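**Q** Take a look at the following structure, please.
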Amino acid sequence: MSKAETTRSSIIQKSFDLIYQKGYQATSVDEIIATTQVTKGAFFYHFKNKEEMGLAVISEIMSPRMSKFSTAYLRKGGDVRTNIYKMLEALLLKNDFFKVEYGCPLVNLIEEMSAHNQAFKKTA
């Protein structure tokens, strides 16, 4: 991975962490920059604005992780109800991506942003 790719990946991951804990609207670009220890120029080199970064968080972190996780359980044979139960049990108790105290990252973001931003609504 190149330095630019590593920087972009770090920005997206740290942004996800902050958004998950505090919410999208409560997380500022300045806070993301301070957390990632990149310059403001580096942030805006990778993302033209906060919205573009937020959409990248959804498409590059949230959606792939949630889809990969849920697909593994939902494609299993057998009783669908049992598979859904096992999926939720694993998601809540055995997955470091999902922290019970913060809720579901994707649902939180959808609830917070879908009424305010059509791009978020479509992406999520």
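The values are calculated or read from the model by the stated rules, or taken from the named source; none is laboratory data. This is a predicted model, so every value here is computed, not measured. Note that we place each Cβ from the backbone using ideal geometry, even for glycine, and neighbour counts take in every protein chain shown.
**Q** Based on what the data block shows, is Ser63 within 26 Å of Lys122 (Cβ to Cβ), touching a residue at least 24 places away in the same chain (Cβ under 8 Å) and either of a type in the set (Ser, Thr, Tyr) or loosely packed, with under 12 Cβ neighbours inside 10 Å (or both)?
**A** The answer is yes for Ser63.
**Q** Report yes if Val100 is surrounded by fewer than 17 Cβ atoms within 10 Å (Cβ to Cβ), under 19 Å from Ile12 (Cα atoms) and β-branched (Val, Ile, Thr), otherwise no.
**A** Here the answer is no, as Val100 does not meet what is asked.
**Q** To continue, here is another question. Tell me yes or no: at least one residue of the range 44-51 is assigned to a helix (DSSP H, G or I), closer than 25 Å to Asp96 by Cα and in contact with a helix residue (DSSP H, G or I) (Cβ under 6 Å, 6 or more places away or on another chain).
**A** no
**Q** Among the listed residues Thr36, Thr82, Thr71, identify the single one that is of a type in the set (Ser, Thr, Tyr), out of contact with any strand residue (DSSP E or B) (no Cβ under 7 Å at 6 or more places or on another chain) and surrounded by 16 or more Cβ atoms within 10 Å (Cβ to Cβ).
**A** Being of a type in the set (Ser, Thr, Tyr), out of contact with any strand residue (DSSP E or B) (no Cβ under 7 Å at 6 or more places or on another chain) and surrounded by 16 or more Cβ atoms within 10 Å (Cβ to Cβ) holds for just one of Thr36, Thr82, Thr71, which is Thr36.
**Q** Another question, then. Pairs needed: first member in the range 96-124, in contact (Cβ under 8 Å) with a residue 12 or more places away in the chain and of a type in the set (Asp, Glu); second member anywhere, surrounded by fewer than 17 Cβ atoms within 10 Å (Cβ to Cβ) and not in a helix (DSSP H, G or I); C-beta distance under 8 Å; at least 6 residues apart or different chains.
**A** Final answer for the pair search is Glu112/Gly23; Glu112/Gln25.
**Q** What's the total number of residues in the range 19-32 that are modelled with pLDDT of 95 or more and part of a helix (DSSP H, G or I)?
**A** Residues in the range 19-32 being modelled with pLDDT of 95 or more and part of a helix (DSSP H, G or I): 4 in total.
**Q** Does Lys14 fit the bill of being of a type in the set (D, E, K, R), crowded, with 18+ Cβ neighbours inside 10 Å and either free of Cβ contacts under 8 Å to residues at least 40 places away in the same chain or assigned to a helix (DSSP H, G or I) (or both)?
**A** yes
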